[in-house]
Amino acid sequence: MSATVTVTAADVKFDTQVPLVIVGAGAAGLCAALAAKEAGIDAVLVERDDVPSGSTALSAGLIPAAGTRFQRGKGIADSPELFAADIQRKAGGQADASVVAAVSAGAAPLVEWLCDRYGLPFEVIDNFNYPGHSVMRMHGLPSRTGRELIDRLRNAAEASDVVILTKSAAQHLFADSAGRVRGVEVVRRDDTRERIGCEALILACNGFGGNPALVRRYIPDMAAALYFGHPGNRGDAVIWGEALGARLSHLGAYQGHGSVATPHNILITWAVIMEGGIQVNRDGRRFCDETRGYSEHAAEVLRQPGEFAWAVFDARIAAVARQFDDFRKAEGAGAILTAATIADLAKAMRVPAENLAAEWNDAENLKHGNGADRFGRRFRADQTCRPPLHAVKVTGALFHTQGGLGIDGKGRVLRRDGSGFPNLFAAGGAAAGVSGPTAAGYLSGNGLLTATVLGRLTGQTAAEQILS
Ligand SMILES: Cc1cc2nc3c(=O)[nH]c(=O)nc-3n(C[C@H](O)[C@H](O)[C@H](O)COP(=O)(O)OP(=O)(O)OC[C@H]3O[C@@H](n4cnc5c(N)ncnc54)[C@H](O)[C@@H]3O)c2cc1C
């Protein structure tokens, strides 16, 4: 059933009244609830699934943050200003400046808060860098999985006595004629309904990747692509926002990924490319500069014959990639081919051996001279490859949408005229992100950055407002 809004007079009756409702118990919703609790406000989290997971659980759980003590411990000099400049460079200068300032400044305190207060053992990844980041600033948990991140956040919420109503979908939103949200109607798995009145509402229910009609309308290029995110992200925030007269921004933007093992459907880390691997199509030909970014690369792969590509790399790169659980799973599933020579690898991949050899040798020669190829990709001498060699067949996928509700630098949802709704906030994929209007604007980590930092910020802001 789809999300709806009723704009009512003040006479709607609620079964219960709470200070704060948060829709969605992904990273955004859980961070919001923890922050609100610390500020003295008990939130009720409404989550459709049996156990919180969301796209957060499907991710690698990596959060970019600038100026953390984890970076300083490894001698990495960084600052929120450098981070903000990297975000805007990737977004073509089209990300909202106030939101960029908020997330780039809030990320290091967020990572240290989750570590110090809730025991999440973050470390900075320092053995490869993601495209577009001037320095190494991706922070991950030991398993490098989003499952670990969401489970640890849920444990923290449970230990803090945060109420999570699972198997409960927020379906209907009540607001008065001034745009003040009065409450939500929640539908339980057994079809019972409950109306929960609230003083503030945070939408943390991610974007519309799981709603094919909205993807067709706003991102037609990816309408036929594999959707690799959480199916429960059905665009409810956008549907409610549109009905309320909210500003909707950058709805064509998304995070794609050009490296999902097929037919196994397992994410192959972009470290494979950033450490010196290449991609070729079924003709054994390279087709672009792979290092611009994995998001825009999804559509490049889908434009190739058969809508797939092969990533080709060596054992050193595989060792770096093996820190990711997904890569180990791909190995276990038999997705990674191995051969002693490029000719044998071509045979296993069933691509023309002379084409693959020409592309491979060209890239290796460029590495020796620190040169650039015909697409403008720069190669580095420290990334030369040696047998045994590996290949994995990959396709492009839609991971999550980046457009959403327009917000200010505190996560307050904006009306079409730019004024703020009195008590409505959005965080994570429910809000417009910091990637500008296209897939190419997605800097690695923008997803969890806006989920966690804006989650925390909206929880704090909503709590302060309720208490004032
Ligand atoms: C494979 C993959 C890898 C990724 N890797 C990374 C990475 O390493 N780093 C990074 O920064 N980003 C990554 N991302 C993106 C990142 O996962 C998301 O941007 C982030 O998890 C969004 O968090 P969220 O809390 O907004 O949404 P989610 O985690 O998706 O949570 C939203 C929750 O809302 C619930 N919900 C939706 N509608 C309703 C409703 N009406 N009522 C009740 N509940 C509802 C859903 O069930 C879900 O649990 C990746 C994404 C994918 C798919």
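Nothing in this text is a laboratory measurement; each read-out follows from the coordinates by a stated rule. Owing to the predicted nature of the structure, the values given are computational and were not obtained by experimental measurement. Cβ: placed from backbone, ideal geometry, glycine included. Neighbour counts: every protein chain shown.
Most simply put, the chain has about 65% antiparallel DSSP beta bridges, counting only bridges with both residues inside it. Backbone amide hydrogens, once placed in the peptide plane, bring Asn206 within less than 5 Å of Gly429, Ala430, excluding anything fewer than 5 places away on its chain. If R0 is taken as 45 Å, the Cβ-Cβ distance between Asp373 and Asp11 corresponds to a FRET efficiency of 0.10. With the simple spin-label model, which puts each label point 7 Å out from Cα in the Cβ direction, the Ser468 to Glu123 separation comes to 4.3 nm. Comparing Cα centroids, the range 335-377 and the range 184-215 end up 49 angstrom apart. Taking the charge dipole of the chain about its Cα centre, with +1 at Lys and Arg Cβ atoms and -1 at Asp and Glu Cβ atoms, the residue from His297, Val23, Gln279 reaching farthest to the positive side is Gln279.
Rounded to whole Å, the principal axis extents of the Cα atoms in the chain read 75, 45, 39, largest first. Report, in degrees rounded to the nearest 10, the 0 to 90 angle that the Cα long axis of helix 353-368 makes with the longest principal axis of the chain. On a 0 to 90 degree scale, this one is about 80.
For a paramagnetic label modelled at 7 Å from the Cα of Asp382 toward its Cβ, which residues of the range 102-135 fall within the zone defined by backbone nitrogen distances under 20 Å? Only 124-135 fall inside the zone, counting backbone N under 20 Å. Of Met138, Leu110, Asn155, which is farthest along the charge dipole of the range 110-161 in the positive direction, counting Lys and Arg as +1 and Asp and Glu as -1 at C-beta? Most positive-ward Cα: Met138.
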